[in-house]
Amino acid sequence: MKVLLINAPFPKYTQGYEPPIHIAYLAAYLKEQGYEVDIVDAGLRSGAQQVVADADRGDLAAIYVDIHNIFDADEIAKVLKERDGDIKVAVWGNLPTALPKRVLAENPHIDFAIKREPELTLAEIAGRCADGSGFDGVSGCAARIDGEVVEFDDRPLIDDLDALPDADRELLAAKNSYPPFIGPLEGYVLTSRGCPHRCNFCSALLHGRFRRRSPGRVVDEIERVVERFGTDRFVFRDYTMAPRSHILGICDEIMKRGLKIRWHCLIRVDLIDEELLGRMKEAGCYEINFGIESADQGVLDSYDKGITVEQVERTFELCRKLGIETMANIMLGGPYDTPESIRKTFDLFIRLDPDRACITLFFPYPKTPIWDYCKERGLIKTEDWSQYYTDPWDDRGAYDRVLSLTPEVIRELERGYKRLLFRYFKKHLQKLVRNPLHIFDVRLLHLRQLVQYARFLGGRRKSG
């Protein structure tokens, strides 16, 4: 019994690309259950035909999707079935979790939409494929049975994450060559699932309660990766590292074992103080990613973010003081934004002067509280999922493609993007002039966005 695990393609306008380490964890679990597994990352390939050509023949395929690439997954499923005959195809991810029956209704080549975490449900589907016992009553999914779409009960979440195996990094790398700017493939690690916070726009709300691995189990995996691959750079890919005791526990384990590693993570600003940052730096933390979203306190409160602008500013000051690099995420064009809130956010971003940046346009995830808010007010212009995850650096019409925005908000977004991008890339170009070796510190992502910036300004002049 062979299971194909496929990562659906990401569009060219997403800001950055990282290897799907969660698929490597799933692969390890399925192998532990006795199944053969193959992994193909469609994000590194062009088109369904190439994805299927690079995949082994299998009995069951499972495709990880977000919201924007569900139709790509259906095309991959179609080509798989043309090649492999009776193969069954499942999808999992945010959209199948939120709208499992709709996913199957709109994508005729997909047989199962798995809700929340996939391990137990996919293993049961694989077992039923093997013994021919049928798929009625498989909890944790919607299924296409005798031409009808049926949704079954949710499956309980896995409580003991420590019992799950390490990610199968060799299998992930076997057919997938990742560019060097993403950092060592082997160094991506998950320490938890879900999120303890309740930001009303976040897809983490779809995936159940927060659970975490023990610090010792996390560092056991890190230690094995160091021994097996010689990697000394790690990225913790949790929604957010929390709580404080969990972070400190991991730091203590790293230092107790004498591991000389460098690592990056995402943490909320309301957890940060000088003691925590000091311990993190001592344990090898060199960069922290912070979700700021907005500089308008009213907007933050409307998002149920649970942080203050003062906490943001203090956190960035402490990071500069201790020599920890920062990455700042802001989210613009949401239903609570005004021209003034957007100006304030760009002003704050420039004052913070982060080392790296991620600037995204708001779009609502189905079944989140903010989706309901936008639907009730008629703000959502389309439910064509391929239009989601737009990026105005690549696409000049992206600002209000999904959500209705006023002309004043759109003008402020354009003005702010131009202002911020100019300062952001001027900073890196000045560093390159002073030290050409800085090129090795600037990810290819930044170079790509520099080209986008030139195109953005050029397009603006033409349209103006």
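The values are calculated or read from the model by the stated rules, or taken from the named source; none is laboratory data. Nothing here was measured: the structure is a model prediction, and the numbers come from that model. So basically every Cβ, Gly included, is an ideal-geometry build from the backbone, and we count neighbours across all protein chains shown.
Considering Arg83, Arg57, the condition of being under 17 Å from Lys175 (Cβ atoms) and part of a loop (DSSP other than H, G, I, E, B) is satisfied by Arg57 alone.
Note on the range 370-427: among residues that are modelled with pLDDT of 90 or more and of a type in the set (A, V, I, L, M, F, W, C), the one that is nearest to Asp353 (Cα to Cα) is Val409. For the range 251-268, the set of residues classified as over 21 Å from Cys195 (Cβ atoms), surrounded by 19 or more Cβ atoms within 10 Å (Cβ to Cβ) and not hydrophobic (A, V, I, L, M, F, W, C) consists of Glu253 only.
Annotation note: Cβ proximity below 9 Å between a residue of the range 112-126 that is in a strand (DSSP E or B) and modelled with pLDDT of 95 or more and a residue that is surrounded by fewer than 24 Cβ atoms within 10 Å (Cβ to Cβ) and of a type in the set (Phe, Trp, Tyr) (sequence gap 6+ or interchain) occurs for Phe112/Phe135. Scanning the range 269-286 for residues that are assigned to a loop (DSSP other than H, G, I, E, B), within 25 Å of the chain's Cα centre (by Cα) and surrounded by fewer than 21 Cβ atoms within 10 Å (Cβ to Cβ) yields one hit, Gly284.
Does Gly43 fit the bill of being modelled with pLDDT under 90 and either in a helix (DSSP H, G or I) or not aliphatic (A, V, I, L, M) (or both)? Yes; evaluated as a whole, the condition is true for this residue.
The combined condition, being over 22 Å from Lys115 (Cβ atoms) and in contact with a Leu (Cβ under 6 Å, 6 or more places away or on another chain), is not fulfilled by Gly47.
Residues that are at pLDDT 95 or above, among the acidic types (Asp, Glu) and farther than 30 Å from Gly93 by Cα do occur in the range 334-349. Out of (1) more than 18 Å from the chain's Cα centre (by Cα); (2) within 20 Å of Ile222 (Cα to Cα), what's the single condition that is false for Tyr188? Tyr188 satisfies every listed condition except (1).
Being over 28 Å from Leu300 (Cβ atoms) and modelled with pLDDT of 70 or more is a property that holds for Arg434. Just one of the numbered conditions (1) aromatic (Phe, Trp, Tyr); (2) within 21 Å of the chain's Cα centre (by Cα); (3) surrounded by fewer than 24 Cβ atoms within 10 Å (Cβ to Cβ) is not true of Tyr35: (2). Looking at the range 134-166, which of its residues are in a loop (DSSP other than H, G, I, E, B), of a type outside the set (A, V, I, L, M, F, W, C) and either out of contact with any helix residue (DSSP H, G or I) (no Cβ under 8 Å at 6 or more places or on another chain) or closer than 24 Å to Leu95 by Cβ (or both)? Answer for the range 134-166, where residues must be in a loop (DSSP other than H, G, I, E, B), of a type outside the set (A, V, I, L, M, F, W, C) and either out of contact with any helix residue (DSSP H, G or I) (no Cβ under 8 Å at 6 or more places or on another chain) or closer than 24 Å to Leu95 by Cβ (or both): Asp136, Gly137, Ser139, Gly140, Asp146, Gly147, Asp153, Asp154, Arg155, Pro156, Asp159, Asp160.
Total residues in the range 296-316 satisfying the condition of being of a type in the set (Lys, Arg) and more than 23 Å from the chain's Cα centre (by Cα): the figure is 1. Each residue in the range 341-370 was checked for being buried (at least 19 other Cβ atoms within 10 Å of the Cβ) and closer than 19 Å to Pro96 by Cβ, and 5 of them qualify.
Tell me yes or no: at least one residue of the range 255-264 is in contact with a Cys (Cβ under 7 Å, 6 or more places away or on another chain), in a strand (DSSP E or B) and more than 30 Å from Ser302 (Cα to Cα). Yes, the range 255-264 contains at least one residue that is in contact with a Cys (Cβ under 7 Å, 6 or more places away or on another chain), in a strand (DSSP E or B) and more than 30 Å from Ser302 (Cα to Cα).
All of Val37, Val89 fail the test of being part of a strand (DSSP E or B) and without any contact (Cβ under 8 Å) to a residue 40 or more places away in the chain, apart from Val89. Among the numbered conditions (1) more than 21 Å from the chain's Cα centre (by Cα); (2) closer than 28 Å to Thr191 by Cα; (3) of a type in the set (Val, Ile, Thr), the only one that Ile21 does not meet is (1).
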